[in-house]
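Following: one structure in structure tokens, then a few remarks.
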Amino acid sequence: MKLNYALAAALILGFAGAAVAAQHQFFIVQDKDKNCRIVESKPDVADKQVVQVGKEVYQTREEAEVDIKVICVTP
């Protein structure tokens with residue numbers, strides 16, 4: 001019986017952890033002056049001030065930081 005409770009608790013915690021991880025998404029945006037930055041909210045398509053560059057979404061900030069060094073190289 002205790003094993004059933006332990007398995008149920010593990011499943012609940014597993015799904016809760018995945019839901020929390022899905023809430024943190026990162027995007028690379030570039031402004032008109034070609035300056036790049038990492039943001040946590042998806043840029044609005046109608047906003048002409050910034051353009052999203054790179055992958056559609058980054059799951060971790062570290063992933064985005066690696067790509068921003070490659071995508072937004074200043075001459």
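The values are calculated or read from the model by the stated rules, or taken from the named source; none is laboratory data. As the structure is a prediction and not an experimental result, all values here were calculated from the model. Cβ sites come from the backbone with ideal geometry, for glycine too, and all protein chains shown count toward neighbours.
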State all residues of region 29-75 that are buried (at least 16 other Cβ atoms within 10 Å of the Cβ) and among the hydroxyl-bearing types (Ser, Thr, Tyr); if no residue qualifies, say none. 58
Selection within region 34-75 - at pLDDT 90 or above, assigned to a loop (DSSP other than H, G, I, E, B) and of a type in the set (Asp, Glu): 40
(1) out of contact with any Ser or Thr (no Cβ under 9 Å at 6 or more places or on another chain); (2) over 18 Å from residue 73 (Cβ atoms); (3) not polar (S, T, N, Q) all hold for residue 24 apart from (1)
